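Notes follow once the structure below has been shown.
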Amino acid sequence: MQGRLDASTLTDLGRVMARQVGAALHGLPLDAVYCSPLRRAKSTMELLLETWPSDGMTPPPITLTPDLMEVNLFEWEGMDFKEIKAQFPEAYETWQKRPHDLEMKMGTPEGDIVFYPIRDLYEQAKRFWHEMLLNHPDQTVLVVGHSAINRALVQTAIALDPPHLPQLRLSNCGISVVNFAGTLGSLAQIESFNLVEHTGDPVPDVRGGHLGPRILLVRHGETDWNRDKQFQGQIDVPLNDNGRSQGERCAEFLKGIHIDKAVSSPMARPKETAELILKHHLGVSLSLDDNLKEISHGLWEGKFEEEIESEFPGELQRWKETPEAVQMPEGENLNQVWERASLAWQAILDNAVTPVDGEDLGHPQTILVVAHDAVNKALLCQLVGLGPEHFWTFKQGNGSVSVIDYPHGTSGKPLIQSLNITSFISGGVLDKTAAGAL
């Protein structure tokens, strides 16, 4: 257990991975770098900055801040997990099941201080965001920290509280991208989370003892209407040539991953995307679920933003600012999308094969699910406990892949492994797929 103990250094593999991060960020303009002062983070930052610059690029200013230090696990630091479990069995069980409730004591000359490490970590994350966002509005900032603090940063950005910490996993040298519209508390978007392709694996590995399925959630490839920012909704617009190329690249990206089942919206664009992926997975049949269809935009469908603004003044702005309050004329609202997306997801989980009585399946069952922007956003929000008011929280690029695990079985909480992987399409960590209408 490392925590804030500054005794550990990077392994040879860790140094290689740090340089791989630099290569993945190569040439991306950076206005500033913030880093934990602990050695393992500082070394990572220094190594990645060696491979980051393009010709003529100057190193950005670097700030070391204690607000990026790892969670303070004072009593356990330096111990291995078996020792912790043996010496602190009740506390260890709390750490495993409800880490936000873990109490610890730290001795001071004035007496013992009792604190909650994870709750304090979230306050630390908020302090960091407040200061950094005030100092760097509209800039690109690199943040180098640790597993727990980085997860707390991502979650506080989107208004999740400490009980949600176990629902996100971060790999060593995983890259996440968070976009802010202003200061903390304003709109924030997770563009991507825990990208690991640059380290050699397309998606994070599955840890031992995994009981439930792994779900690969994919958004369909681009259509002409995506590209032209024309609202399509439930109009059955097919993929364009770029969309088919995105589907083929997604298929190549997932080629080496075993897939057991596949489910898609019945609409042409996700169905064709799924079929392209399954060309590398012979024998896997494709099921269709109407509940995975895109949101019905009603009278907005087939129209461009200017036409919608002309016919329904102010409604587009409401859709961007308070999407949960918008009823599409002769279409759906987000509560309806939330409800049917939930039904579709539960049906997928109900049909997943899980081990029974110690049975060894060889690997957790992997299920491909291909749907649409609004449906995928609804599903991801539900998985972390967010409602329709958070509709814009998770970006879903055309052809993107997100990875969700159920390590404790389908009745347990889901674990978000990666979100919105588009590097195999965009050639970098930023999502450059179409940002057009749904």
Count the DSSP beta bridges whose two residues both fall in segment 1-148, then state the antiparallel fraction as a percent rounded to the nearest 5.
40 percent
From DSSP H assignment alone, runs of 4+ in the chain each adding -39500 (n - 2.57), the sum over residues rounded to the nearest 500 puts [θ] at 222 nm at -10000 deg cm²/dmol
If you average 1/r across every pair of different Cα atoms in segment 186-231 and take the reciprocal, what Kirkwood value do you get, in Å?
14.6 Å
Starting from the Cα gyration tensor of segment 213-298, multiply each eigenvalue by 5, take the square root, and state the resulting semi-axes largest first in whole Å.
23, 15, 9
Highest-MSF residue in the chain out of Lys42, Lys97, Lys395 [GNM, Cα springs under 10 Å]
Lys97
Which one, Phe253, Gly221, Phe231, is farthest towards the positive end of the dipole of segment 217-280 when Lys and Arg carry +1 and Asp and Glu -1 on their Cβ?
Phe253
Classify segment 1-47 from the C-alpha gyration tensor, please: rounded if a/c falls under 1.5, else prolate or oblate depending on whether a/b exceeds b/c.
oblate
Limiting things to C-alpha atoms, what are the Rg and the maximum Cα-Cα separation (Dmax) for segment 214-426, in angstroms?
17.3, 62
Using +1 on the beta carbon of Lys and Arg, -1 on that of Asp and Glu, and nothing else charged, what's the dipole of segment 19-86 about the Cα centre, debye to 20?
160 debye
What would the Debye formula give as log10 I(q)/I(0) at q = 0.17 Å⁻¹ for the alpha-carbon point model of segment 89-240, no solvent?
-1.17
So what are the three principal axis dimensions of segment 42-156 from its Cα atoms, in whole Å, longest to shortest?
55, 31, 29
If you bin every alpha carbon distance in the chain into 10 Å steps from zero, what whole percent lands in each bin?
4, 20, 30, 26, 15, 4, 1, 0
Ranked by how many other beta carbons lie within 10 Å on average, peptides 254-260, 104-110 from highest
254-260, 104-110
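Every number here is computed from the coordinates shown, using simple stated rules; none is lab data. All figures in this text were calculated on a predicted structure; none of them were measured in a lab. Cβ sites come from the backbone with ideal geometry, for glycine too, and all protein chains shown count toward neighbours.
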